[in-house]
Number of protein chains: 2
Amino acid sequence: MSKRLKDETSEEKILEAARRVFLQKGMAGARMQEIADEAGINKALLHYYFRNKELLFDRIFTQAAAKLFPKVVTILDADLPLFEKIEGFISSYIDVMSENPYLPLFVLNEVHRDPEGFYKRISGELKLPRPEKFLMQIDQEVKLGNIRPVSPLQLFMNILSGTVFPFIAKPLFQMHIGVDEFQFRQFMLQRKTEFARFVIDALRK
Amino acid sequence: MSKRLKDETSEEKILEAARRVFLQKGMAGARMQEIADEAGINKALLHYYFRNKELLFDRIFTQAAAKLFPKVVTILDADLPLFEKIEGFISSYIDVMSENPYLPLFVLNEVHRDPEGFYKRISGELKLPRPEKFLMQIDQEVKLGNIRPVSPLQLFMNILSGTVFPFIAKPLFQMHIGVDEFQFRQFMLQRKTEFARFVIDALRK
DNA sequence: ACATGATTTAACCAAATGGTTAAACAAAGT
DNA sequence: ACTTTGTTTAACCATTTGGTTAAATCATGT
């Protein structure tokens, strides 16, 4: 609210508004008029800065994917012992998503709606991190007998699931179990350590 | 295809078509014309059988939620040892979703878009299963010292995550890792046993 | 044959929606 | 003062979209 009215440029106001609306309603459900209203500007000005809906959506989507994928996931390529890596990944990924709880559902939903459009969109802007190195590390540890035998891909899915899914189920979870915003944050805070321990307990012989 | 043309009634054709379109595009992205085309009928006939889009959507959504929530989740209320219950839940839930891979994303997405509408929709038709009994059972086992100490809710979330999330990430997973339809089915088949074992390994002292 | 009720269709309609236009305004340089 | 250039707006436009209407077709009982 502090800088909202003064020093913020129209383009910034538009991008913020577009972000809110697109994340809440998705590409199909979002309305250009609503974005304009939310930004406190005229609808024509929207098209002045961003030629059309798709271009604006591209911008928001790419920004969302950039926040979600590469930065934190790169941890998986780091040079760390497996357990530390798992702890680090879970913790920092939960951190990122706690600040942007609707990112995962938004991105996964749009990928589902238009899978090829997805690659086209982000191909130029950013490269998705590949989990190969992490998978090989798991394989190594299994072969060395340091951890229980697991399929690396299954383990990767386990970790990803337990980290991301709570944010996707957040609305249902909150409504059905009856947790408010604060309790959910607490739950995810607790989860940073508890889920990591859970995974490691499952691996340690 | 066998009964598509002959004995299938118009209403059935509409419901099937609506299901396909709504699950692929969601409420906002679906078009009544597309549903009519998909069903091979006139658009006016759509409104003859279902007064408007919202009513038709209600029908599909409730049917989807009914398939997703109560039947299988009731396992959690059964009178079974914890580990068997976990195995049973994971296995049968994966079975259900393997036949309807897009159900979870569809439902969770619409809940996110309109949380209060969700309860209103399904309130009359079906009651969401409550996990209390399962949570208490976990608590018991912890207190008895039979399993490692865990927060029941966290464990429940772990199980749910690992079971549901793969279907939500399916499009991204397939595209990014490079898995086709068959490989994905194999992966989820393997997962039925491997993820259950993973969870149990994490619990067993 | 024909009356009756349900089903199906083509043609339409009004509202919503993405996008455009032309004019007004503001800021900065001369 | 006056251009010039970028910014903002009100009014407008074309298409899409959910929904309606009235007529046609079909099935069924008489």
**Message:** For segment B:107-122, check the following and say yes or no: at least one residue is farther than 18 Å from A:L172 by Cα and more than 11 Å from chain A (Cβ to nearest Cβ).
**Reply:** no
**Message:** Just checking: which of the helices (runs of 4 or more DSSP H) contained wholly in segment A:49-147 hold 2 or more residues that are hydrophobic (A, V, I, L, M, F, W, C) and crowded, with 20+ Cβ neighbours inside 10 Å?
**Reply:** A:53-68, A:82-99, A:103-113, A:115-125, A:132-143
**Message:** Going by what's in this entry, would A:V179 be described as open to solvent by 10 Å² or more (accessible area, probe 1.4 Å) and either at pLDDT below 95 or within 10 Å of chain B (Cβ to nearest Cβ) (or both)?
**Reply:** yes
**Fill in**
Flagged pairs (Cβ under 6 angstrom, 6 or more apart or on separate chains; first in segment B:39-58, within 14 Å of another protein chain (Cβ to nearest Cβ); second near DNA strand D (Cβ under 6 Å from one of its atoms) and not small (G, A, S)) are B:K53/B:M32
**Where a residue in segment B:194-205 is on the phi < 0 side of the Ramachandran plot and at the interface with chain A (Cβ under 7 Å from one of its Cβ atoms) and its partner, wherever it lies, is part of a helix (DSSP H, G or I) and acidic (D, E), with Cβ under 7 Å and at least six apart** = B:A202/A:D201
**Item:** Test result for B:S151, open to solvent by less than 40 Å² (accessible area, probe 1.4 Å), within 13 Å of another protein chain (Cβ to nearest Cβ) and among the hydroxyl-bearing types (S, T, Y)
**Value:** yes
**Request:** Only residues that are within 18 Å of B:N109 (Cα to Cα), more than 16 Å from DNA strand C (Cβ to nearest atom) and touching a Leu at 6+ places or on another chain (Cβ under 9 Å): list them for segment B:44-73, please.
**Result:** B:R59, B:I60, B:T62, B:Q63, B:A64, B:A65, B:A66, B:K67, B:L68, B:F69
**Asked** Just to be sure, is A:G145 at pLDDT below 95 and out of contact with any helix residue (DSSP H, G or I) (no Cβ under 6 Å at 6 or more places or on another chain)?
**Response** no
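The values are calculated or read from the model by the stated rules, or taken from the named source; none is laboratory data. Quick caveat, the model's predicted, so the values are computed rather than measured. So basically every Cβ, Gly included, is an ideal-geometry build from the backbone, and we count neighbours across all protein chains shown. For accessibility, only protein heavy atoms count, side chains too; no ligands or nucleic acids. Shrake-Rupley method; radii C 1.70, N 1.55, O 1.52, S 1.80 Å.
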